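The values are calculated or read from the model by the stated rules, or taken from the named source; none is laboratory data. Source: prediction; values computed, not measured. Counting neighbours? That spans all protein chains shown, and the Cβs are built from the backbone with ideal geometry, glycine included. Each accessible area value is taken on the protein alone, full model and side chains, heavy atoms only, with ligands, DNA and RNA left out. Shrake-Rupley method; radii C 1.70, N 1.55, O 1.52, S 1.80 Å.
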Amino acid sequence: MTAARRLIADVVVCADADNTVIVGGAVDIDEAGRICGVGSVDSLPEAPAQVETVGGLLMPGLVNAHCHTPMTLVRSAGDGLPLQTWLTDGVWPREGQMTTDDARWGMTLGSAEMLLGGTTTSSEMYLHSEAIIESVTASGARLVMAPGVFSGHEVDGSVAGRLDEITEIHQKHHNPDARISVAFGPHSLYDLSSGLVAELAARAKELDALVHIHLEETQTERQQVLDANDGKSATELLAEIGALEGKVLAAHGVWLSESDQRLLAEAGAAVAHCPTSNLKLGSGIAPLADLLDRGVGVGIGTDGPASNDDLDMWEEMRLAALLARGTTLNPSAIDAATALRLATSGAATAIGLDDVGMLADGYWADIIRIDLDQPAFAPGLPQDLLAHLVFAGSPRFVTDVWVAGNQVVANGECTTIDVPKALAEAKQRGHRIAS
């Protein structure tokens, strides 16, 4: 399509396989909100009527591969507890008091936090799906919504009601062109039986929808599944029941064995790597370098703000690279370009989006601007810019954000969210559910 507008920057970082960095670059955006040209200003066709010289650095918006964003209302709950105790004693008692409106405001505040920090897409597993979808639709962000399924949903021990409910949500809201995708969110194989997960996965496959599931997050969880299933791991069970035949996003993957990793790679499944949450809960460190070496797709995520406790994808990107280097004793285990892709195009692919996370023709114009006039980006040599972004980048350097070509952050201010109101609502509601 013909360009409707052009953004001209000092530097354009494409986050593509070639690690393209264009000094004096520009991005052309068509009327539908997709990119229709990227390159040096001189290499692009005649400029459209609308040209904006934004300066700074333009790059793809960050993609949060695994999150429970409405947990902004229970941020930091249960700090210092191991995962299961953290859930049962710290988080679930408060979440049990959460209403649909609470979830809507929790998501709204989280959307503001992510957009202001340059995260344009999030993959959410949570209840209150309609409220979350409404919130993100209003914020202008991009969403992959996986309505959560827990063992307590159906009193008869089945998931039939929830299965039909999620199918209805998918039929009503799944529309990637409108920034909303719907997935299926079985919590885990230590919470749900393999039979119930098989039912959910089969329905997801029928709809060509993503299955978003927690997998091998803790050593205790792994052993629990092994003990209950004659020594079979959760990953082996997923393969046995056919759940790996469709699109699968496995959150965490900290305790995946070598054979588990091969199963995921052979199936084309992906792992959402959440380093801060895994460290904070004492769960361990996922074998990122091994996963990539074995061909497993990986995207970086924050997990929820109750176990992180923020939604800062810059921190996750940096930590993912550093942990991989430190645990392998290899400073080249994960380079800056790879880390950047894991937080952009890699994460987008992991959550089932093949036209997000890169500045390239045909991709959605989900773009962020970074202020390069900062001490953290000096001296700013082009060959070092990717390392600057990964190891010195921060939400505070994000000035402007576009999603599908629509500006949702301008000069450091949200244009779609009343942030003071969202903050006041979240504080009041968070206090109430904790009382």
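Accessible area of Cys14 (1.4 Å probe, protein heavy atoms only, ligands and nucleic acids ignored): about 10 Å². Accessible area ranking (1.4 Å probe, heavy atoms, ligands and nucleic acids excluded), largest first, for Glu165, Glu236: Glu165, Glu236. Considering only Val356, Pro287, Ala422, and ranking their Cα positions along the charge dipole of the chain that arises from unit charges at the beta-carbon of Lys, Arg, Asp and Glu, the one farthest toward the positive end is Ala422. The DSSP beta bridges internal to the chain are antiparallel in roughly 45% of cases. Computed from the Cβ-Cβ distance with R0 of 22 Å, the FRET efficiency linking Glu413 to Asp373 stands at 0.75.
Only helices enter the 222 nm calculation for the chain: every DSSP H run of n ≥ 4 contributes -39,500 (n - 2.57), and dividing by all residues gives -10000 deg cm²/dmol, rounded to 500.
A full extension of the chain between Phe150 and Glu245 corresponds to an added length of 32.0 nm, given 0.36 nm per residue minus the alpha carbon distance. Summing +1 for each Lys or Arg and -1 for each Asp or Glu among the other residues whose beta-carbon sits under 13 angstrom from that of Glu130 gives -3. When only the Cβ of Lys, Arg, Asp and Glu is charged (+1, +1, -1, -1), the dipole of the stretch 38-137 relative to its Cα centre reaches about 220 debye.
Based on Cα contacts under 8 Å between residues 6+ apart, the stretch 265-410 shows a relative contact order of 20 percent.
Please build a GNM for the chain, connecting alpha carbons under 10 Å apart, and tell me which residue among Ile370, Ile213, Ile169 fluctuates the most. Of Ile370, Ile213, Ile169, the Gaussian network model singles out Ile169 as fluctuating most.
Label-to-label distance for Thr85 and Glu258 is 3.5 nm, based on points extended 7 Å past Cα in the beta-carbon direction. Centre-to-centre, using Cα atoms only, the stretch 16-33 and the stretch 313-351 are separated by 22 Å.
Considering only Gly299, Gly140, Gly362, the Gaussian network model of the chain with Cα springs below 10 Å gives its largest mean-square fluctuation to Gly362. Annotation: amide H of Tyr126 within the under-5 Å range of Ala146, Gly148, sequence separation 5 or more or interchain, hydrogens built in the peptide plane. With all protein chains present, how much of the accessible area of the stretch 57-194 (probe radius 1.4 Å) comes from carbon and sulfur, to the nearest whole percent? It is 51 percent, rounded to a whole number. Computed from backbone phi with θ = phi - 60° and the Karplus coefficients 6.51, -1.76 and 1.60, the 3J(HN,Hα) list for the stretch 43-52 is 8, 7, x, 3, 5, x, 5, 9, 10, 10 Hz; x is used for glycine and proline.
About its Cα centre, the chain has a charge dipole of approximately 620 debye under the convention of +1 per Lys or Arg Cβ and -1 per Asp or Glu Cβ, with nothing else charged.
Which one, His174, Thr99, Ile241, is farthest towards the positive end of the dipole of the chain when Lys and Arg carry +1 and Asp and Glu -1 on their Cβ? It is Thr99.
Projecting the Cα positions of Ser123, Val38, Trp86 onto the charge dipole of the stretch 1-131 (unit charges on Cβ atoms of Lys, Arg, Asp and Glu, taken about the Cα centre) puts Trp86 furthest along the positive direction. A Gaussian network model of the chain, with springs between Cα atoms under 10 Å, assigns the largest mean-square fluctuation among Asp366, Asp260, Asp230 to Asp230. Pairs of Cα atoms nearer than 8 Å and 6+ residues apart set the relative contact order; for the stretch 85-201 it is 22 percent. For the pair Thr2 and Ala47, label points projected 7 Å from Cα toward Cβ lie 1.8 nm apart. About the Cα centre of the stretch 1-54, how large is the charge dipole given +1 on each Lys and Arg Cβ and -1 on each Asp and Glu Cβ? Please answer in debye to the nearest 20. That gives a dipole near 100 debye.
For Lys247, a cut-off of 17 angstrom between C-alpha atoms picks up these lysines, skipping any fewer than 8 places away in its own chain: Lys205.
Our coupling estimate for the stretch 314-330, obtained by passing each phi through the Karplus curve with A = 6.51, B = -1.76, C = 1.60 and θ = phi - 60°, is 5, 4, 5, 4, 5, 5, 4, 5, 5, 5, 5, 5, x, 6, 9, 6, 9 Hz, Gly and Pro reported as x. Placing dummy labels 7 Å off each Cα toward the beta-carbon, the span from Asp293 to Thr327 is 1.3 nm. Ligands, DNA and RNA aside, Val23 has an accessible area near 90 Å² when probed at 1.4 Å. What relative contact order, as a whole-number percentage, does the stretch 348-390 give when Cα pairs under 8 Å and 6 or more residues apart are counted? So the answer I get is 19 percent. In order along the stretch 175-181, phi translates into HN-Hα couplings of 7, x, 5, 9, 6, 10, 10 Hz, rounded to whole numbers, per the Karplus curve 6.51 cos²θ - 1.76 cosθ + 1.60 with θ = phi - 60° and x for Gly and Pro.
Rolling a 1.4 Å probe over the protein heavy atoms leaves Asp400 with an accessible area of roughly 20 Å².
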